[in-house]
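The values are calculated or read from the model by the stated rules, or taken from the named source; none is laboratory data. No experiment lies behind these values; they were computed from the predicted model shown. Cβ: placed from backbone, ideal geometry, glycine included. Neighbour counts: every protein chain shown.
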Amino acid sequence: MLREDQGEALDALRRAVAEKQFRICMQAPTGWGKTVLTCALVESAREKGKKVLFTVPTISLVDQTVEMFASHGITEVGVIQASHHLTNWNLPIQVASVQTLMKRKMPDPDIILIDECHRWFKFYEKLMHRDKMPEFAEVPIIGLSATPWTKHLGNWYTHFYKASTTGQMIDAGFLAPFRVFAPSHPDLSNVRTVAGDYHEGELSEAMQQGKLVGDAVATWIKLGENRPTLCYAVDRAHAKALADKFEAAGVRCAYQDAYTPDADRIEKDTGRRIPGRRSIKAGFHDGTYKVVCNVGTLTVGIDWDVRCISMCRPTKSDMLFVQIVGRGLRTAPGKQDCLILDHSDNHLRLGFVTSIDESYTGLHHAKTPTHDNRTEGIRLPKECPQCAYLKPPATAKCPACGFVAVVVSKIKPDAGELQEMTRELKGKPKPPPDPLRVDTMEEKAEFFAELKYYGYRQRYKPGWASMVYKDKTGVWPNHPTIKHAPMAKWCRPETLNYITSRMIANSKRKREERDRAWQ
């Protein structure tokens, strides 16, 4: 049974296909129910006698997808994968990893569903290109993701639908709220940025310096409330160091990376049993393991009952950040919230996941600037100096410990005579504070909407509002939230005062240019 918002999403996708929109991308938060919607899409296609191809970004997700379909009564499923026991090209529903499709003959589906479509592969460009694979030009391709923010994704998907936001889902009770503590702050000043994120080798070295590894364990023992926890590390060496520290402290901990097989294996030299993914998952849920330290896994396609996240992997990627936090936001019986122990400064660098999610309103295109997230329109949380709890901006009292921040003047009184500040004295008087604030995304959108209204009433050229906006903010209003803000119905006095002051300054500048021309 679909919820109301899930039913609306299904209807929206059907309408898009009916309107000949063959490249559709749908965004919905982790835990929203993309699995339920996917099954509804497949069942709808089967009722019409259509064949379905479902692709996943990794081979490890193939069996999980088959199990997901089976749990919803969808059993006519074949798998495109070498030596897989469910290989059967005659079945109407086929599941395959994109890596397998690159090397195999494509089936002839009537609809293609791409799971985690933010994980982009060159093969998808070939699949969606009318000239390279013309046989699929009018086959609907629907991409599903919680974070479809990959650069240039809008070049391939022509229709975008956002089903909900993380904040809306939390408010409605469909996702768990979260609490964040930032107990340690790594020094990343010497870590380079490569391809938009931290250099992995240098980052791993930085995160193993000093007491950072030990702090992660000590903080979990102090604040983790003995909750089942996923710990995210930089690389294998870092993850193993964390796992060893947890074990040394008496906390049962498992280790998982991209090379961890599904089944257990026996270590040749010691005869020790090394748990595989199935055993780790079972142990996580029956209490055998309190913590699973992982790297390169457990970020997409899992539905574990995670109640705490130890974030030891700094990143500049809002996609990776949101995907990691999303693992802990699924609801479960007895679960009141998700506790996040941020040892990476990710929240102080990127903001809360709710703010990031709301800031994206469309897909990236090649001709539009990428959303540089981190600061654009996102007000960053503040750390409580007493308990390290991260509180929303403009929150004086800490929700965790009750500490109230008191504003202390940075001006130190000094004995001496008062003097009038003149040009000869060092420094200049500070100008009065600007009453027109355009710091947040909402303030910027409101300001641009008022400029459009003023320009329309004065019959100025269409580009006038953009010029004034750039004069005030230093950038063009290219972000979708600002660019597409509906025209305001009036202007605030602060906005009118700014427009007037700009006109006076322009008039003075032109007069001075005229005077110089006559000299």
Query raised in the report: Is there a residue being under 23 Å from residue 60 (Cα atoms), among the β-branched types (Val, Ile, Thr), at pLDDT below 95 and in the same structural domain as residue 308 (by TED's automatic domain parsing) anywhere in segment 194-206?
Result: no
Report task. Please determine, by comparing only the residues of segment 291-305 that are under 18 Å from residue 343 (Cα atoms) and β-branched (Val, Ile, Thr), which one is surrounded by the fewest Cβ atoms within 10 Å (Cβ to Cβ). Result -> 299
Query raised in the report: residue 109 is checked against (1) touching a residue at least 60 places away in the same chain (Cβ under 8 Å); (2) in a loop (DSSP other than H, G, I, E, B) and fails just one. What number does that condition carry?
Result: (1)
Query - Filtered residues of segment 487-506 (kept if closer than 15 Å to residue 457 by Cα and of a type outside the set (Val, Ile, Thr)) - result: 487, 488, 489, 490, 491, 492, 496
Query - Some residue of segment 45-67 being part of a helix (DSSP H, G or I), out of contact with any strand residue (DSSP E or B) (no Cβ under 7 Å at 6 or more places or on another chain) and closer than 25 Å to residue 138 by Cβ - result: yes
Query raised in the report: In the list 170, 221, which residue meets the criterion of being over 27 Å from residue 351 (Cβ atoms), out of contact with any Phe, Trp or Tyr (no Cβ under 6 Å at 6 or more places or on another chain) and of a type in the set (A, V, I, L, M)?
Result: 221
Report summary line: Matching residues in segment 1-20 (surrounded by 17 or more Cβ atoms within 10 Å (Cβ to Cβ), of a type outside the set (A, V, I, L, M) and more than 23 Å from residue 171 (Cβ to Cβ)) number 0
Report task. Just need a number here: residues in segment 307-352 that are of a type in the set (Gly, Ala, Ser) and touching a Gly at 6+ places or on another chain (Cβ under 8 Å). Result -> 3
Query raised in the report: Looking at this structure, is residue 139 part of a loop (DSSP other than H, G, I, E, B) and either modelled with pLDDT under 95 or outside the structural domain of residue 302 (by TED's automatic domain parsing) (or both)?
Result: yes
Report summary line: If we keep only residues of segment 194-249 that are assigned to a helix (DSSP H, G or I) and of a type in the set (S, T, N, Q), then the residue nearest to residue 299 (Cα to Cα) is 204
Query - Only listed residue being more than 22 Å from the chain's Cα centre (by Cα) and closer than 29 Å to residue 150 by Cβ, chosen from 210, 201 - result: 201
Report summary line: Among the residues of segment 242-282, the number that are surrounded by 17 or more Cβ atoms within 10 Å (Cβ to Cβ) and either without any contact (Cβ under 8 Å) to a residue 12 or more places away in the chain or not polar (S, T, N, Q) (or both) is 12
Requested in this report: Looking only at segment 130-155, count how many residues are surrounded by fewer than 22 Cβ atoms within 10 Å (Cβ to Cβ) and closer than 19 Å to residue 99 by Cβ.
Outcome: 4
Report task. Examine segment 83-101 for a residue that is part of a helix (DSSP H, G or I), touching a residue at least 60 places away in the same chain (Cβ under 8 Å) and under 23 Å from the mean Cα position of the chain (by Cα), and state whether such a residue exists. Result -> no
Requested in this report: Report whether or not residue 438 is surrounded by 10 or more Cβ atoms within 10 Å (Cβ to Cβ) and modelled with pLDDT of 85 or more.
Outcome: no
